Amino acid sequence: MTSSFKKLPGSGVELSVSIDLAEFKAYMDRAFEARRAELAIKGFRPGMVPESLAREAISPKAVFDDAAERAVKVTLAEAAEANDWTIIDRPRIEIKEDPAAFSYVATLSLFPEVDISGYAKIAEKERAALATKKAALAVTDKELEDALLWLRTSRATLAELATPAAKGNVIDIDMTSSEDTKPHHDRFVLGNGHFMPGFEDKLIGVTAEQTLAFALTGPADYWKESLRGKEITFDVTVNKVFDRVLPPADDTFAQSLGSIKTFEELATNMRAGILAEKAQHEDEAAAQKALEAISDAATIDIPAPMIVRIKEQDPSLTDDAAKRKIAQHLVIYEIAEKEGIQPADDEVAKEIAHYNAGAKGPEPVDAKRLHDYIYERIQQKNVYAQLLGTDSH
């Protein structure tokens, strides 16, 4: 066998292969014997049909087609191994007219070469910028106050009111509308914008056990297109109105949360938590920025089949957006290869167990797909940590 190839745009290769007739005869003989073994002729057991009869019964074209298919398969695999190719799509095969040999040309799409030369310098630059940003991080008194208020609000108790409802009260209602006559029950904080604009305004000043009817017109920019400009009637029964009673900001409240002893200690812990969240946000933003910069600087000839596949998964992607997304995945893969970043089996198993513990619904999970997804997610996290010199755990 002799072969040669030339590179094509889009990580393609045109491979030309020639197998001399003596070598190809072995493929023909094997194909004939395989057909002969399955041949059924009255008076002969399978596989025992004489060669002369078999030659008359078996189509020469069928034998050639079988031999050609195997010859292409074997020689393609040999060429791929010799050249370290990963073929990512079904090859296009054209068999040539050649009286002296069995010859064909294969057009292949290959897993692309990824050149990320200089990625370490890009990462170093982003790492320095990240350190500067994180050094300047702080938590304002307002941020801490809001966080403490949210925590106290999340543990508020409800006290039933006989007075008219006001913004900030919790209101319990049953409702029907011209769009949905089936009764709907809800309990919500009045004024939080839970319903169509204007709905909650109608409920300010109502009292428990009050019933009211009103109509609203859907705003021109309403999120549900079918309701834009449409008049909708509502029938609402107010069941109860509650005041939210927040626990006092004192040591007793802090102690109710666990091992914390004072409200001051709670505030200190929450300030540290807010700061950690800000730092994590900066880490994530810097990692994404580094990845985009490395991808932009990388040399990657993305093959068309990769673009087609990712657009099948997300039809909203343009070709350019698909290429950027693929490039970033390939860069992560290449950095992981260069840095030896391979998630440990026990780490992957732990994440899979955690996922399965929280999974809901009767749909079975494809074990291999789940493993691959978890593996890639951990690998990406570890690549980001490598780029920015942060702790991946």
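Quick notes
- Number of positions in the range 291-326 that are more than 20 Å from Trp85 (Cα to Cα), in contact (Cβ under 8 Å) with a residue 12 or more places away in the chain and within 16 Å of the chain's Cα centre (by Cα): 5
- Here Leu15 fulfils each of the conditions (1) within 19 Å of Val105 (Cα to Cα); (2) not in a strand (DSSP E or B); (3) not β-branched (Val, Ile, Thr) apart from (2).
- Single residue of the range 327-347 satisfying the filter (of a type in the set (Gly, Ala, Ser) and touching a helix residue (DSSP H, G or I) at 6+ places or on another chain (Cβ under 6 Å)) that is farthest from Leu317 (Cα to Cα): Ala336
- Verdict on Ala272 being assigned by TED's automatic domain parsing to the domain that holds Ile378, small (Gly, Ala, Ser), touching a residue at least 60 places away in the same chain (Cβ under 8 Å) and within 30 Å of Ala138 (Cα to Cα): no
- Taking the criterion of being under 33 Å from the mean Cα position of the chain (by Cα) and either β-branched (Val, Ile, Thr) or at pLDDT below 95 (or both), the only residue of the range 151-161 that qualifies is Ser154.
- Qualifying residue in the range 158-179 (condition: over 18 Å from Val238 (Cα atoms), in contact (Cβ under 8 Å) with a residue 60 or more places away in the chain and outside the structural domain of Tyr222 (by TED's automatic domain parsing)): no
- Of all residues making up the range 116-140, the number that are within 27 Å of Val13 (Cα to Cα) and either surrounded by 15 or more Cβ atoms within 10 Å (Cβ to Cβ) or assigned by TED's automatic domain parsing to the domain that holds Lys338 (or both): 1
- Scanning the range 184-225 for residues that are touching a Lys or Arg at 6+ places or on another chain (Cβ under 6 Å) and either part of a strand (DSSP E or B) or touching a residue at least 40 places away in the same chain (Cβ under 8 Å) (or both) turns up Ala208, Phe214.
- Boolean, Lys381 is surrounded by 14 or more Cβ atoms within 10 Å (Cβ to Cβ), of a type in the set (Lys, Arg) and free of Cβ contacts under 8 Å to residues at least 12 places away in the same chain: yes
- Here the range 13-26 is the region considered, the condition is being crowded, with 19+ Cβ neighbours inside 10 Å and over 13 Å from Ala71 (Cα atoms), and the residue that is nearest to the chain's Cα centre (by Cα) is Val13.
- Note on the range 306-320: residues that are surrounded by fewer than 17 Cβ atoms within 10 Å (Cβ to Cβ), assigned to a helix (DSSP H, G or I) and in contact with a Lys or Arg (Cβ under 9 Å, 6 or more places away or on another chain) total 1.
The values are calculated or read from the model by the stated rules, or taken from the named source; none is laboratory data. What you see is a predicted model; the values in this text were computed from it and never measured. We place every Cβ from the backbone using ideal geometry, glycine too, and count neighbours over all the protein chains shown.
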